[in-house]
Amino acid sequence: MRWTQKLMREVAVEERTNLGLSQWDQLDPYVLCQEHGIPVYALSEIASSDAVAHFSVDRASTWSAALIPVGSARLIVENDEHHPVRRRSNIGHELGHFLLEHDFKTELFGESHARQFDAKLEKEATFLAGELLVPFQSVEQMAFKGWTNEQVALKFGVSEQFAQMRMSGQRVRAERASVKFRGRRSF
Ligand SMILES: [Zn+2]
């Protein structure tokens, strides 16, 4: 499947609609996992299991989450030491891999994300996470109205960095549009 941005936006809108969310509602990625029958385990809760032995201590701080295939089922293990807004986007990213039906290159649990999926698939998962957590329709309107990263972050329960990632392109477009508009008005 070749995922265009348009198609990925449609997937996100459908998922949000199924949860009964408007474009201004916060999406709870844990609820979306539930909807899809994906259990989410916190790394700290399973810290004694053999699986976690693969994670070295120094890696634990940068490691975010992983979608893990177990037969035809999927589960997510997340690093619950991260800030809640970061955990939300981590889970959103893993849901991205799931919803876009990305193939696993390797089933090695504990390998870095970059090795689990290639760069193109990583970009897609991040894009879908963005659309799930801060939908495009709202991005367009917030850019037009000049919302700050802080406002966007608070509204949608994401980090300011994440808000910046979502808003930057649309802000440029909104700025260009307003320059055009001012230009037209002067005649
Ligand atoms: Zn990924």
Trypsin sites (Lys or Arg not before Pro) within the stretch 63-108, DSSP loop, no more than 16 other Cβ atoms inside 10 Å = LYS105
Order of LEU67, LEU19, LEU128 from fewest to most other C-beta atoms within 10 Å?
-> LEU19, LEU67, LEU128
Just grab the label-to-label distance for VAL31 and LYS6, each label 7 Å out from Cα along the Cβ direction, in nm (one decimal).
-> 3.0 nm
Bounding extents of the stretch 132-187 in its principal axis frame from Cα atoms, largest first in Å, are 43, 18, 15
List the lysines whose Cα lies under 27 Å from the Cα of LYS180, skipping any in the same chain that are fewer than 8 positions away.
-> LYS6, LYS145
Distant-in-sequence amide H partners of ALA65 (H built 1.01 Å from N, under 5 Å) = ASN79
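Here, each number is a calculation from the coordinates, and none is a lab measurement. Just so it is clear, the structure is predicted and the values come from calculations on it, not from any experiment. Note: ideal-geometry Cβ built from the backbone for every residue, glycine included; neighbour counts use all protein chains shown.
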